[in-house]
1. If you take the residues of region 203-226 that are open to solvent by 60 Å² or more (accessible area, probe 1.4 Å) and touching a helix residue (DSSP H, G or I) at 6+ places or on another chain (Cβ under 7 Å), which of them is modelled with the lowest pLDDT?
2. Spot the failing condition for GLU183; the list is (1) of a type outside the set (Phe, Trp, Tyr); (2) over 29 Å from GLY206 (Cβ atoms); (3) exposed (fewer than 13 other Cβ atoms within 10 Å of the Cβ), and only one is missed.
3. Looking at LYS201, LYS192, which one is of a type in the set (Lys, Arg) and farther than 21 Å from LEU106 by Cα?
4. Would you check if there is a residue in region 89-100 being under 18 Å from the mean Cα position of the chain (by Cα), at pLDDT below 95 and not in a helix (DSSP H, G or I)?
5. If you check LEU61, LEU83, which single one turns out to be open to solvent by less than 80 Å² (accessible area, probe 1.4 Å) and touching a helix residue (DSSP H, G or I) at 6+ places or on another chain (Cβ under 6 Å)?
6. Across region 12-54, which residue is surrounded by the fewest Cβ atoms within 10 Å (Cβ to Cβ) among those that are in contact with a Phe, Trp or Tyr (Cβ under 9 Å, 6 or more places away or on another chain) and either among the hydroxyl-bearing types (Ser, Thr, Tyr) or assigned to a loop (DSSP other than H, G, I, E, B) (or both)?
7. List the pairs whose first member sits in region 95-109 and is more than 14 Å from GLN146 (Cα to Cα), whose second member is open to solvent by less than 50 Å² (accessible area, probe 1.4 Å), and whose Cβ atoms are under 6 Å apart, counting only residues at least 6 apart or on separate chains?
Amino acid sequence: VVGAPGGLVALLEGLPDPRHRRGIRHRQAVVLAVAIGACLAGARSYVAIGEWAADLPQEALGRLGCRWHPTRRCHVPPSEPTLRRALQAVDSAQVDRELGAWLHRLAPGSAVAVDGKVLRGAVGEDGRAVHLLSALVHKEGVVIGQGAVDVKHNEITEFKPLLEPLELAGKVVTADALHTQREHARFLVEEKHADYLFTVKGNQSGLLADLAALDQDAFSPSGHCDRPGPRPA
């Protein structure tokens, strides 16, 4: 999955490298793969990523494609300054898109959940808490796409940009009541050829009243109408 054909390193090799060619010792794909591995292991700073890389055994460094030092006869991990410069220079949005698509191929699933969260302890350049809207594969919980919610907007405006690059044909997209919008439903059915399952609450009072007035027989045997009142035996 990491160094094999079609694996993580191969995916990252296809990304443009904005660094100046002169003096490069570590391939960008390797630097990014090391950083991703460190973050998955819990690293939350450049220093922590560098320390994680320095502690890797030779087998792991080799699988990640780290540079072979001919004199020292060993694989050498990228240093903290190298990791910092590469991560600051790369197009993070493109990395996120490519990585999400790759994860989606590994864990395709049949249902995708859209969910927004404010990250605890994460602060943006404007001093505000970071708010992300993410698309996750049901059951596995794999994030296949995410984007920051602009402080001037809300999750509703980020729904379409988040899902637009994803392959959703034949899948079911679930979301909470905030996204129970006609445009969202139309986008999923007509443009993405997907189905949807949205929660209905008081923000769509007319729709909620219409659903509450439906007889239970209007639903399929496997359906469930969550409203008070007697249910058929």
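1. Restricting to residues being open to solvent by 60 Å² or more (accessible area, probe 1.4 Å) and touching a helix residue (DSSP H, G or I) at 6+ places or on another chain (Cβ under 7 Å), the top hit is ASN203.
2. If we test GLU183 against (1) of a type outside the set (Phe, Trp, Tyr); (2) over 29 Å from GLY206 (Cβ atoms); (3) exposed (fewer than 13 other Cβ atoms within 10 Å of the Cβ), just (2) comes out false.
3. LYS201
4. Within region 89-100, one or more residues are under 18 Å from the mean Cα position of the chain (by Cα), at pLDDT below 95 and not in a helix (DSSP H, G or I).
5. LEU83
6. Here the residue is GLY42.
7. As it stands, the answer is ALA107/VAL137; ALA107/VAL142; GLY109/VAL137, since those pairs meet every condition given.
The values are calculated or read from the model by the stated rules, or taken from the named source; none is laboratory data. Because the structure is a prediction, the values reported are computed rather than measured. When we count neighbours, we look across all protein chains shown, and the Cβ atoms used for this are built from the backbone with ideal geometry, even at glycine. Surface accessibility is based on the protein's heavy atoms, side chains included, excluding ligands, DNA and RNA. Shrake-Rupley method; radii C 1.70, N 1.55, O 1.52, S 1.80 Å.
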